[in-house]
1. Just to verify a number: FRET efficiency for THR213 and LEU69, C-beta to C-beta distance, R0 = 41 Å, to 0.05?
2. Given contacts defined as C-alpha pairs under 8 Å and at least six residues apart, what's the relative contact order of segment 2-96, whole-number percent?
3. Quote to one decimal, in nm, the extra length available between ASP89 and LYS170 on full extension: 0.36 nm per residue of separation minus the C-alpha distance between them.
4. May I ask you to list the aspartates and glutamates whose Cα is less than 17 Å away from that of LYS157, ignoring any residue fewer than eight positions away on the same chain?
5. For segment 127-182, place one equal point scatterer on every Cα, skip the solvent, and apply the Debye formula. What is log10 of I(q)/I(0) at q = 0.13, 0.19, 0.20 Å⁻¹?
6. Along the three principal axes, how long is the chain when you take its alpha carbons, biggest first, rounded to the nearest angstrom?
7. Relative to the present Cα-Cα distance, how much length would full extension add between GLU113 and PHE226 at 0.36 nm per residue of separation?
8. For segment 1-110, list log₁₀ I(q)/I(0) at each q in 0.15 Å⁻¹, using the Debye formula over Cα point scatterers of equal strength and ignoring solvent, two decimals each.
Amino acid sequence: MTELVKKIIIAIDGYSSCGKSSYAKLIANELGYLYIDSGAMYRAVSLFALQNKMIENGVIDEISLIRNLPKIEISFQTDGNGTYTLLNDENVEKKIRNLDVSSVVSEISKIYEVRERLVQMQRTMGKNKGIVMDGRDIGTIVFPEAEMKIFMTADPKIRAKRRFDELRSKGIPASLLEIESNIEHRDNKDTNREISPLRKAEDALVLDNSRMTFDDQMLWFTRKLFEKGLLKKN
Ligand code: DC
């Protein structure tokens, strides 16, 4: 395990399908830190809205959702098989990855009050440091003071090919062209939304992993820790 000179916050932001969560998990594992998937929190709120009939024909009853926000508790639990998202103590890890959730989550994540509530929860989760959090606004809004900020990017064509291979390996039929246009659409939505759009924080380190393996990315990470004087010398 890599030891640091002090407990820090690591903020990882970037485009969809860049491998942010796999990378964040590897880093958390290497440092013995907690991993928080902030996208899962927006997905959990979306699931709550769907389950409570606050979305009809794609139209969100924002007033009702905002009124019920205090009833939403989100936490994470880790066991030998991985980390699970809990919504009001129910394990919803599988449900939040479903298409019905995926198709509403970007609209849900545009709602100011939803972001305000989730950012508050995320800051509470990070108050003792020792965490790796990934998302779109972690280095800019949630933890602007994070000691290490990484902004991940990769060639859209390479991201699409990775996603295509992943789906194919799971036996899910996929079209490369459709995936490419979906990635382009999501990049546009993430960068052009009004509230907390995806932006590189000024002091974030850019990691373009288009042609990097996980090992290359971990070496890059260790080198950056060293350059920042965060690596404990044994
Ligand atoms: O990372 P993901 O695809 O699971 O994220 C789901 C959605 O939540 C996606 O539309 C972007 C949004 N999101 C956000 O607005 N802010 C974050 N910090 C994380 C995710």
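1. On the way: r = 41 Å, r/R0 = 1.01.
According to the calculation, E is roughly 0.50.
2. About 19 percent, as a whole number.
3. Values: separation 81, 0.36 × 81 = 29.16 nm, distance 2.90 nm.
That works out to 26.3 nm of additional length.
4. ASP165, GLU166, GLU178, GLU180, GLU184, ASP187, ASP208
5. -0.53, -0.75, -0.77
6. Largest to smallest, the principal-axis extents are 57, 41, 37 Å.
7. Working: separation 113, 0.36 × 113 = 40.68 nm, distance 3.90 nm.
Gain in length upon complete extension: 36.8 nm.
8. -0.72
Read the figures in this text as sums done on the coordinates, not as results from a lab. Please read these numbers as outputs of a predicted model, since none were measured by experiment. As a convention, Cβ positions derive from the backbone with ideal geometry for all residues, glycine included, and neighbour counts pool all protein chains shown.
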